[in-house]
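The values are calculated or read from the model by the stated rules, or taken from the named source; none is laboratory data. Values in this document were obtained by computation on a predicted structure and should not be read as measured data. Heads up, the Cβs are rebuilt from the backbone with ideal geometry, glycines too, and the neighbour counts pull from every protein chain shown. For accessibility, only protein heavy atoms count, side chains too; no ligands or nucleic acids. Shrake-Rupley method; radii C 1.70, N 1.55, O 1.52, S 1.80 Å.
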Amino acid sequence: MLNDMNESGVLAPYREYNQPLFQYGVRHLLVNDTEVPYPDGKLIVSRTDTLGIITHCNQSFVAMSGYTQAELIGAPHSILRHPDMPSIAFKGLWDDVQAGNIWHGYVKNLRKDGAFYWVYATVIPNVRNGGVVGYTSVRRKPSRAKIQAAITLYQTLKTQENAHWEGPQS
Amino acid sequence: MSSEPIYQLTVSPDFTPSHISGWYIFNTWLQRCLNARVHCELYDDFESQRQAIVDDRVDLIYANPFDAAMLVREKNFTALAKAMGVTDECVIAVAETSHITCLEDLKPGTRLAKTDDPDINLIGMIMLESVDLSDDSVTPLLVDSYVLVAKALIQNNAEVGFFLKDAFNEFSGAVRKQLRPLVSSEISDIQHMLLASPRLMAHTEPLRQALADMPKHLQGNSVLEALNFTGWQLLEQEDTEFMIDMIDTLKAK
């Protein structure tokens, strides 16, 4: 279950979005433009089942996301989905890991308080007895140069997605 | 002539020198526990230890997480336990006199001193990745021990060095005073583990029980003290698979 964000605990000022999430309908997001720097030396680790439901998260995940462990376990990983991220990035992720491959990418994540943090993420399928039983994701600190390149790329992709989305409606 | 098998115990070459005697004491305890002959062989470097693994000479190993992946997936070893509260963390340090104050001061061509310890080198390079440095953009200086990494920094043969945190913390005050840590990893999920070969299959369960019970007995306690461990945490197959998955994600390029 994924609840809408509400203004309690969210940093002001914030912008509001209605973010479509695969299998969860639309989530109401409150987004603040404060970046929380990724701490040196830490790794954020989580595991999900094959549907992307979080089954394990480490302390760094809890600290950086702002959610409690109880809030994260059982939630879909898209609880971190930031509206600045283009859908195609996550489509690429799912296509790769469902095909049994490793996925890497730079991701802007949304915190519970509406702020954000950048990560360099690697996701691998967990293969047991020949079958995929879930996915492990490890996130680490990205360089500023790589973040800047990702911002430029994702803005372009978002513009294309929005144009494609709005076209039929106009 | 007795046909009784002689098993081999070995330890990842990155163990701290102050605990060499501890592993021989552990080996004596192990022989009593298994009622079997066990020879403790400590290899000087990872390459010679890996060759022993390839040649099927190793039966029980306190393994670096990198080798654990290979031992489990290719050699059918079983993970038994990990030392409680002991994790593999990397310290990136410079000489106390260095002008470098943070990772951002490191530039392409930086002279990097390191050992052949695979997980510490991996963790260290992941930390350098955040300032756009990679294996291709640093000038490595490979040495045989963490003491020699320290020496390379102090003598300005390298600008920055990778250390196993435990080894760094065990340096004498005189050495520590000449070094300055820039950053230390806080990963917590990457650990050495004790693994048994298929040849030891019949002994696996009694050994797991004996490891778990070590702190309950006077003799077991003194062995743990010699190793500087507080106890062993038993591992299930899934614990091992999880750590191997983590190592795979970190190695993936």
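For region A:42-67, how many residues are touching a helix residue (DSSP H, G or I) at 6+ places or on another chain (Cβ under 6 Å), assigned to a loop (DSSP other than H, G, I, E, B) and either of a type in the set (V, I, T) or open to solvent by less than 60 Å² (accessible area, probe 1.4 Å) (or both)?
Residues of region A:42-67 touching a helix residue (DSSP H, G or I) at 6+ places or on another chain (Cβ under 6 Å): A:42, A:44, A:46, A:48, A:52, A:54, A:57, A:62.
From what is left, the residues that are assigned to a loop (DSSP other than H, G, I, E, B) are A:42, A:52.
This time we only want the ones that are either of a type in the set (V, I, T) or open to solvent by less than 60 Å² (accessible area, probe 1.4 Å) (or both), so: A:52.
Matching residues across region A:42-67 total 1.
Let me confirm something: among B:Q219, B:Q191, which residue is in contact with an Asp or Glu (Cβ under 7 Å, 6 or more places away or on another chain) and not basic (K, R)?
Selected residue: B:Q191, the only one of B:Q219, B:Q191 that is in contact with an Asp or Glu (Cβ under 7 Å, 6 or more places away or on another chain) and not basic (K, R).
So, B:E241, is that one more than 16 Å from the chain's Cα centre (by Cα), at pLDDT below 95 and open to solvent by 10 Å² or more (accessible area, probe 1.4 Å) or not?
It is true that B:E241 is more than 16 Å from the chain's Cα centre (by Cα), at pLDDT below 95 and open to solvent by 10 Å² or more (accessible area, probe 1.4 Å).
Conditions (1) within 13 Å of chain B (Cβ to nearest Cβ); (2) among the hydroxyl-bearing types (S, T, Y), marked per residue:
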{"position": "A:V97", "(1), (2)": "yes, no"}
{"position": "A:I102", "(1), (2)": "yes, no"}
{"position": "A:N109", "(1), (2)": "no, no"}
{"position": "A:R139", "(1), (2)": "yes, no"}
{"position": "A:S143", "(1), (2)": "yes, yes"}
{"position": "A:L157", "(1), (2)": "no, no"}
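Scan region A:68-89 and tell me whether some residue there is part of a strand (DSSP E or B), touching a strand residue (DSSP E or B) at 6+ places or on another chain (Cβ under 8 Å) and acidic (D, E).
Within region A:68-89, none of the residues are part of a strand (DSSP E or B), touching a strand residue (DSSP E or B) at 6+ places or on another chain (Cβ under 8 Å) and acidic (D, E).
Could you list all residues from region A:22-41 that are open to solvent by 20 Å² or more (accessible area, probe 1.4 Å) and within 14 Å of chain B (Cβ to nearest Cβ)?
Residues of region A:22-41 that are open to solvent by 20 Å² or more (accessible area, probe 1.4 Å), as a first pass: A:22-26, A:28, A:33-37, A:39-40.
Once the filter is applied, which keeps residues that are open to solvent by 20 Å² or more (accessible area, probe 1.4 Å) and within 14 Å of chain B (Cβ to nearest Cβ), region A:22-41 yields A:P37, A:P39, A:D40.
Would you confirm whether any residue within region B:59-79 is touching a Leu at 6+ places or on another chain (Cβ under 6 Å) and among the acidic types (D, E)?
Yes, some residue in region B:59-79 is touching a Leu at 6+ places or on another chain (Cβ under 6 Å) and among the acidic types (D, E).
In the set B:L153, B:L141, B:L112, B:L179, which member is more than 29 Å from B:R57 (Cβ to Cβ), open to solvent by 50 Å² or more (accessible area, probe 1.4 Å) and away from chain A (no Cβ under 14 Å)?
Criteria check complete, one pass: B:L141.
Identify, from the list A:A99, A:A149, A:A145, A:A70, the residue that is over 29 Å from A:E16 (Cβ atoms), modelled with pLDDT of 95 or more and open to solvent by 50 Å² or more (accessible area, probe 1.4 Å). Please lay out each step first, then the result.
Values: A:A99 fails: modelled with pLDDT of 95 or more; A:A149 fails: over 29 Å from A:E16 (Cβ atoms); A:A70 fails: over 29 Å from A:E16 (Cβ atoms).
One residue alone meets the criteria, A:A145.
Would you confirm, using the coordinates I've provided, whether B:N221 is open to solvent by 30 Å² or more (accessible area, probe 1.4 Å) and on the phi > 0 side of the Ramachandran plot? Before you say what the answer is, go through the steps one by one.
Values: open to solvent by 30 Å² or more (accessible area, probe 1.4 Å): yes; on the phi > 0 side of the Ramachandran plot: no.
Here the answer is no, as B:N221 does not meet what is asked.
Please find, within region B:115-136, the residue that is farthest from the other protein chains (Cβ to nearest Cβ) out of those that are assigned to a helix (DSSP H, G or I) and β-branched (V, I, T).
Ranking the qualifying residues of region B:115-136, first place goes to B:I120.
Which ones in region B:91-126 are in contact (Cβ under 8 Å) with a residue 60 or more places away in the chain, within 16 Å of B:K165 (Cβ to Cβ) and charged (D, E, K, R)?
Listed by number, the residues that qualify are B:D117, B:D119.
Please specify each residue of region B:76-109 satisfying the condition of being over 20 Å from B:W232 (Cα atoms), open to solvent by less than 50 Å² (accessible area, probe 1.4 Å) and outside any strand (DSSP E or B).
Result: B:S98, B:I100, B:C102, B:L103, B:L106, B:G109.
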